[in-house]
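Any read-out appearing in this document is the output of simple, stated calculations on the displayed coordinates, not a laboratory observation. Everything numeric in this text was worked out from a predicted model, so none of it was measured. Note that we place each Cβ from the backbone using ideal geometry, even for glycine, and neighbour counts take in every protein chain shown.
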Amino acid sequence: GQGAQWVGMASGLLGTSSVFRESMEACREALAPFVEWDFDQALVDPELLSRVDVVQPVLWAVMVSLAAVWRSYGVEPAAVVGHSQGEIAAAVVAGGLSLEDGARVVALRSRAWLGLVGLGGMASVGLPAGVVRERLGRWGDVLSVAAVNSPGACAVAGDPVALDELVEVLSAEGVRARRIRGIDTAGHSAQVEPLRERLLSDLAPVVPRSG
């Protein structure tokens, strides 16, 4: 998912692995019809990489290409799981989407998200989801559990001011809680519902496949 990126990521493998480099090139070509920014520049430009419509496609390409490297060493997955927008890469790696359809999904979905920038955010909380849902009551419906990351940790999404309050309260109690860097949208929450019709239209050409 988003949040694990850093400026210069993939540079090592681009210089040492022909498999990784060829896969990244294929991803760049697949993304080209849907993006206007420079793929190679995005890997080293902090301003570009801070944009949701850039970082998500770039991360998708890195994930797909890492899987290609593992396969080149004989590592063949019995199952593929993706977290958040990583599900798009997982679908490509598992054979459920073609590379071209995966590029369409990640590029057009992230472009649609530009309309949500600044309206929300996400936080990582080191408590079980059930406990967190109870604690969110004081903030009403402006915050919600967005993802269950493990039995003892989850992500919360919603209004940025309310998120900061939540993190402050939990941190004061000794609970591990932090805003997820580089995310200024409330993914996996009611805030994304207005994008539904646009995405249904943008992604209509996508044809799922059997993996």
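Length gained on full extension, residue 197 to residue 22, computed as 0.36 nm times the residue gap minus the Cα-Cα distance: 59.5 nm. Listed from fewest to most Cβ neighbours within 10 Å, the set 27, 154 follows the order 154, 27.
For the chain, relative contact order (Cα pairs under 8 Å, six or more residues apart, normalised by length) works out to 21 percent. Here the dipole of region 11-116 is about 240 debye; that uses its Cα centre as origin and unit charges on the Cβ of Lys and Arg (positive) and Asp and Glu (negative).
As a rough footprinting exposure proxy, the listed residues 64, 7, 80 were ranked by other beta carbons within 10 Å of their own, and the order from fewest upward is 7, 80, 64. Working from Cα pairs under 8 Å separated by at least six residues, relative contact order for region 98-211 is 36 percent. Farthest towards the positive end of the charge dipole of the chain, among the residues 78, 161, 123, is the Cα of 78, using unit charges on the Cβ of Lys, Arg, Asp and Glu. When each of 35, 117 is scored by the number of other beta-carbon atoms lying within 10 Å, the sequence from fewest to most is 117, 35.
Let's test the formula: R0 of 35 Å, r as the Cβ-Cβ distance of residue 206 and residue 131. What FRET efficiency results, to the nearest 0.05? Between residue 206 and residue 131 the formula returns 0.40. One way to sum up the overall shape of region 11-116 is the equivalent ellipsoid from its Cα gyration tensor, whose semi-axes run 22, 17, 11 Å, largest first.
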